[in-house]
1. Which links in Lys39/Lys107; Lys38/Lys107; Lys68/Lys107 stretch past 21 Å when you go from one Cα to the other?
2. Once R0 is set to 41 Å, what does the formula 1/(1 + (r/R0)^6) return for the Cβ-Cβ distance between Val91 and Ala31, expressed as a FRET efficiency to the nearest 0.05?
3. Could you look at the stretch 15-54 and say what percent of its accessible area is carbon and sulfur, using a 1.4 Å probe and all protein chains?
4. Long-range amide H contacts for Gly73: which residues qualify at under 5 Å (H placed 1.01 Å from N, peptide plane, sequence gap of 5 or more or a different chain)?
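The values are calculated or read from the model by the stated rules, or taken from the named source; none is laboratory data. Quick caveat: nothing in here was measured; it's all calculated off a predicted structure. With ideal geometry, Cβ positions are generated from the backbone for all residues, glycine too; neighbour counts draw on all protein chains shown. Accessible surface is based on the protein model in full, side chains and every heavy atom, while ligands, DNA and RNA are left aside. Shrake-Rupley method; radii C 1.70, N 1.55, O 1.52, S 1.80 Å.
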Amino acid sequence: FFRAKAWGVRHARHTEDCAMAVAWAAAGGVAKYGGDRKKLVVMGQSAGGHMAALLALPTTCFLEESVKMHLKGLIAISGIYSGPLFRKNIVHRLLYGYIFEGTDWDKSFALGNCGGEHEPSLKSELLSAKLAEM
């Protein structure tokens with residue numbers, strides 16, 4: 001659920017779209033479909049993996065703490081988690097670079113949000129794709 005490659009959409013609007021869906025699920029919307037709002041796992045592939053990682057990290061502000069407390073896992077598949085690696089790839093820069101214009105490229109990606117006191121554990125968890133126990 002996000003505005004994939006919609007003209008004029010810049011980072012972080014697409015991640016905010018996903019955050020609205022997670023907030024809806026955490027508020028109980030998922031119960032209507034048999035889900036448990038206290039056991040949410042965010043998942044995505046490619047751009048979705050990138051956004052799922054941004055949502056799940058405790059150092060980002062896309063989700064309120066009252067919503068993040070319900071996240072029990074992350075499944076991020078084939079995403080680009082590093083701003084420097086994204087910029088190195090000329091094809092990625094040409095096709096998708098406009099999305100990140102005017103933003104801090106490193107903070108626009110998951111690994112750029114792993115600094116400070118959380119750095120060692122967050123990077124190892126993200127890179128090893130460790131899932132939280134449910």
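1. Beyond 21 Å between Cα atoms: Lys39/Lys107; Lys38/Lys107.
2. The formula returns an efficiency of 0.45 here.
3. 58 percent
4. Excluding prolines and chain starts, which carry no amide H, the hits are Val42.
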